[in-house]
Each structure stands twice: as C-alpha cells, then as structure tokens.
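The values are calculated or read from the model by the stated rules, or taken from the named source; none is laboratory data. Keep in mind it's a predicted model, so treat the numbers as computed, not measured. Cβ placement follows ideal geometry from the backbone for every residue including glycine, while neighbour counts extend to all protein chains displayed. Please note that ligands, DNA and RNA were not included when accessible areas were found on the heavy atoms of the full protein model with its side chains. Shrake-Rupley method; radii C 1.70, N 1.55, O 1.52, S 1.80 Å.
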Amino acid sequence: MNTWGEPVLFSPKTTVSLGSGTGTFSTPTTALATDTTIDTTYLGKLISGNPTGGAFTLTLPSAITAGNGARLGFRHSGTANQVKIASVLGQYIKHQSGSTTAGLALRSLGHTYWLVSDGAGWLIDVETEPISSRQIIITDRLTSVPASPLPGARYI
C-alpha cells in the first residue's frame with residue numbers, strides 16, 4: 001500500500017528505495033499450455049497460460065498445504081480460448097466482494113489474477129482485466145452532434 005492506502009503493483013522485477021536501503025522485488029514466471037496440477041514449486045510465480053491451441057485447466061494446490069500467505073499469479077497470454085483455474089477438495093476462491101466460487105476463467109489476452117492462500121482457501125488479491133476491455137472504440141469523427149447517436153457509441 002502506498003501512503004494513501006492504494007495498492008502498489010510492481011513489474012516482474014522492480015527496485016524500490018525503502019528509507020535508507022533498497023530492495024529488489026522479483027517474480028519468476030512459468031509458461032504452461034496444457035492441463036496442469038499446480039504444486040508448491042509454483043508458489044510465488046506468475047504462470048503465463050497460453051490457450052491458443054485449446055482451452056485448458058490449471059488446478060490449484062491445496063490452500064492448506066500451500067500455507068497462509070502463499071501467492072500464485074495467473075495470466076492469459078494467448079490469442080484465443082480460455083484458461084480455467086480450479087480449486088481442489090471443495091476449497092473456495094473468494095472474490096473481493098466476499099462471494100466464493102470453485103473456479104475462475106482467464107477470458108483473453110492480459111487477463112490476470114493474483115491469488116493468496118488464507119490457509120483454508122484462496123483469496124483474489126488482484127485482478128487485471130483483459131487488454132481488449134481497456135480499449136475505447138470510436139464510432140465516428142463528426143463536426144456536430146449526431147442526430148441519432150447509437151447507444152454506447154463514442155464520437156469525436
């Protein structure tokens with residue numbers, strides 16, 4: 001958190017000054033493209049899932065085995081299909097709203113989840129929307145207000 005209580009996101013390798021010292025935050029990455037059961041060797045990593053060849057499922061390790069505070073990141077890095085993230089043993093994945101689910105889906109390029117274990121289930125710490133949802137599409141460039149604007153359309 002920064003001084004204003006907002007979360008601070010770091011790139012995979014960021015050097016930050018902390019008072020009189022410095023520290024380097026490093027996040028190792030792993031690429032996957034097939035159904036995989038994630039084990040504890042993946043903890044702390046960002047898993048780059050490429051479902052271009054077909055959708056697949058990444059199964060989380062037990063939150064109990066992973067331990068309280070364990071982190072995992074998942075990012076969609078393909079051009080098509082979805083990466084599914086599934087929990088095990090009836091464990092939950094809890095949204096920031098408090099609702100729970102047994103699984104998530106990375107919908108398209110750039111969609112990212114960071115999950116943290118609370119020792120009993122997984123909590124969504126950070127979600128980054130897909131790149132395509134961040135684009136603004138301009139319908140037309142006009143010299144005056146449109147006579148019949150389309151709902152949701154954007155004009156310049």
Inset, instruction - With all protein chains present, calculate the accessible area of ILE131 using a 1.4 Å probe and round the result to the nearest 10 Å². - result: 60 Å²
Inset, instruction - Treating only the Cβ atoms of Lys and Arg (+1) and Asp and Glu (-1) as charged, compute the dipole magnitude of region 60-156 about its Cα centre; round to the nearest 20 debye. - result: 180 debye
Legend entry - Two-site label geometry, ILE156 and LEU142: point separation in nm, points 7 Å out along Cα→Cβ: 1.6 nm
Inset, instruction - Any chance you could list P(r) for region 22-121, counting all Cα-Cα pairs in 10 angstrom bins from zero, rounded to whole %? - result: 17, 49, 29, 5, 0
Legend entry - Loop-located trypsin sites (Lys or Arg not before Pro) in region 66-125, at most 11 other Cβ atoms within 10 Å (DSSP): none
